[in-house]
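Following: one structure in structure tokens, then a few remarks.
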Amino acid sequence: MRLLIVGTLEGYITAAGKIALQKGAKVAHTDSIGGALNALRGGQGADLVMIDVKLDVGMLIEALKTERITVPVVACGVATDAQAAVKAIRAGAKEYIPLPPDAQLIAAVLEAVAEESHAIVSRDPSMGGVLRLADQIAPSDASVLITGESGTGKELMARYIHRKSRRANAVFVSVNCAAIPENLLESELFGHEKGAFTGAVARRVGKFEEANGGTLLLDEISEMDIRLQAKLLRAIQEREIDRVGGTQPVKVDIRVLATSNRFLEEEVRAGRFREDLFFRLNVVNLALPPLRERPADIAVLSQHFAAKYSEANGLPERTVGPEALAMLQGHRWRGNVRELENTMHRAVLLSRGTEIGTDAILLTGAEPAAPAPGYSAVAPVAARATAVAQPQTAAGDPGASGTAGLVGRSVADVERDLIIDTLSHCLGNRTHAANILGISIRTLRNKLKQYSDEGVAVPPPAGGELDRAAM
Ligand SMILES: Nc1ncnc2c1ncn2[C@@H]1O[C@H](COP(=O)(O)OP(=O)(O)OP(=O)(O)O)[C@@H](O)[C@H]1O
Ligand SMILES: [Mg+2]
């Protein structure tokens with residue numbers, strides 16, 4: 001949670017900032033509305049803005065709206081200034097926090113904001129069962145393994161469990177085991193001592209220590225190297241870790257959650273995942289059903305995303321029309337909720353009226369939808385997704401050197417098409433594709449994840465392949 005404090009808060013900034021920091025927020029400060037806008041424009045994002053009521057709260061909220069910057073604003077001022085408080089709320093502030101700052105109140109506001117952006121939207125009975133189980137086990141300190149296809153909401157579920165746990169007011173730290181290079185992961189998890197290796201100029205505290213008192217999410221745990229798994233097992237079992245180059249074990253008090261979109265049992269059978277670690281993590285298994293198996297969720301989620309992206313783009317709220325909904329419910333959603341989210345974001349931008357019709361729904365992947373009329377002229381994001389669904393080859397000019405057809409395109413662009421094309425030729429087999437491309441499976445996976453996050457259709461893994469996404 002990143003908090004931006006604007007103004008002097010009657011001299012209570014340090015106190016308010018300190019409380020927020022203790023609650024796990026990252027705090028930045030600026031004196032003026034101009035400074036706040038600059039920080040937000042410059043990519044220094046915030047999840048919450050706390051502004052002094054002495055400043056023109058309405059002006060900030062208006063400016064944010066005009067510039068399409070979506071961030072909740074809460075106002076702060078001395079408790080006696082009721083007039084200013086009412087004015088701030090009327091101007092669109094979400095809350096009013098009286099000064100001097102009260103620790104519980106700030107914690108509650110931070111939590112409410114976090115909850116809003118990480119809410120699980122669901123109505124399907126199959127998810128209802130999973131949520132009930134999650135509610136039941138959240139307060140315990142048991143390790144939980146959250147499984148499901150890519151994009152089903154595993155990380156969201158991990159945050160949900162943390163919020164409902166006794167550790168809710170402590171930190172939630174997440175480590176993506178697939179994204180961090182193998183040789184750096186140990187240091188990332190356990191930290192290192194000064195001088196542990198060339199370049200270790202100071203002691204560094206790892207994620208286990210950072211998460212002390214709170215929850216540690218080991219995201220995509222199946223990607224962890226088997227040697228490191230042994231150290232992880234010890235850390236979880238003994239509740240103590242060894243920093244790289246350290247001589248003294250360090251005690252940690254954490255709850256461990258892990259996610260995987262691979263069949264861990266199969267990884268165990270193949271000798272790639274330690275069985276003892278699997279049992280340690282799998283005290284409780286929350287299996288998120290694929291989106292195609294929760295039809296009622298498709299309806300509520302598509303409307304949820306339509307509203308979310310209408311607001312984010314400063315458009316009047318779009319609703320999902322009945323034909324569009326039928327189309328959405330017939331799709332396979334290999335990319336699950338993430339794919340639906342991207343589809344609805346596009347639909348909001350493409351839709352001509354406030355009701356989203358089928359022409360605004362561009363589905364990519366195995367079952368391509370009929371292209372929307374004039375789709376080549378629409379917003380770049382949709383055009384790109386369509387282009388990737390039917391990858392262009394560089395063979396446009398057979399007589400040329402082979403790269404002539406590529407001139408004018410960026411390396412990243414060509415690389416993406418090459419990877420997706422090769423993968424399609426290999427019928428989705430990651431291992432074969434990585435061999436042909438001359439890159440590691442890990443690199444390939446990371447790239448594919450990035451592409452699918454960007455809304456690009458990625459060929460699904462071949463059946464029975466070790467890299468299978470389904471479970
Ligand atoms: N039930 C839900 N309600 C609202 N948003 C959801 C829901 N499920 C998933 N999302 C959204 O879909 C996206 C993907 O969710 P998340 O990152 O949790 O999935 P994941 O299973 O961890 O995916 P991956 O395996 O690719 O890491 C996120 O933007 C998330 O906010
Ligand atoms: Mg994830």
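If you check Leu315, Leu350 for being of a type outside the set (Gly, Ala, Ser), touching a residue at least 12 places away in the same chain (Cβ under 8 Å) and surrounded by fewer than 16 Cβ atoms within 10 Å (Cβ to Cβ), only one passes: Leu315.
Pairs meeting the criteria (first residue in the stretch 143-162 and near ligand 1 (Cβ under 6 Å from one of its atoms), second residue among the basic types (Lys, Arg), beta carbons under 7 Å, at least 6 apart or on different chains) are Gly148/Lys154; Gly151/Arg338. Scanning the stretch 212-234 for residues that are in a loop (DSSP other than H, G, I, E, B) and either within 16 Å of ligand 2 (Cβ to nearest atom) or within 19 Å of Lys154 (Cα to Cα) (or both) yields Gly214, Glu220, Met224.
Here Leu315, Leu325 are screened, and the one residue that is at negative phi and modelled with pLDDT under 95 is Leu315. Residues of the stretch 168-221 that are in contact with a His (Cβ under 6 Å, 6 or more places away or on another chain) and more than 16 Å from ligand 1 (Cβ to nearest atom): Ala200, Arg204. For the stretch 89-111, the criterion of being open to solvent by 20 Å² or more (accessible area, probe 1.4 Å), under 17 Å from Leu3 (Cα atoms), within 22 Å of the chain's Cα centre (by Cα) and assigned by TED's automatic domain parsing to the domain that holds Val6 is met by at least one residue. Of the residues making up the stretch 256-310, those that are under 20 Å from the mean Cα position of the chain (by Cα) and not in a helix (DSSP H, G or I) are Val256, Leu257, Ala258, Thr259, Ser260, Asn261, Arg262, Leu286, Ala287, Leu288, Pro289, Pro290.
When Ala202 is tested against the conditions (1) open to solvent by less than 10 Å² (accessible area, probe 1.4 Å); (2) among the small types (Gly, Ala, Ser); (3) farther than 27 Å from Ile441 by Cα, the lone failure is (1).
Of all residues in the stretch 235-263, exactly one satisfies the criterion of being of a type in the set (Lys, Arg) and within 16 Å of ligand 2 (Cβ to nearest atom), namely Arg262. Against the condition touching a residue at least 24 places away in the same chain (Cβ under 8 Å) and part of a loop (DSSP other than H, G, I, E, B), how does Ala85 come out, does it pass? So Ala85 fails the test.
Here is the figure for the stretch 179-195: residues that are modelled with pLDDT of 85 or more and either surrounded by fewer than 17 Cβ atoms within 10 Å (Cβ to Cβ) or not assigned by TED's automatic domain parsing to the domain that holds Thr247 (or both) total 2.
Return yes or no: is Arg123 open to solvent by 50 Å² or more (accessible area, probe 1.4 Å), under 15 Å from Asp297 (Cα atoms) and either touching a strand residue (DSSP E or B) at 6+ places or on another chain (Cβ under 7 Å) or part of a loop (DSSP other than H, G, I, E, B) (or both)? So Arg123 fits the description; yes. Listed by first and then second residue, the pairs linking a residue in the stretch 170-196 that is in contact (Cβ under 8 Å) with a residue 40 or more places away in the chain to a residue that is among the hydroxyl-bearing types (Ser, Thr, Tyr), with Cβ atoms under 6 Å apart and 6 or more places separating them unless they lie on different chains, are Phe172/Thr215.
The values are calculated or read from the model by the stated rules, or taken from the named source; none is laboratory data. Since this is a predicted model, take the numbers as computed values, not measurements. Virtual Cβ from ideal backbone geometry, glycine too; neighbours counted across all protein chains shown. Heavy atoms of the whole protein, side chains included, go into the accessibility calculation; ligands, DNA and RNA do not. Shrake-Rupley method; radii C 1.70, N 1.55, O 1.52, S 1.80 Å.
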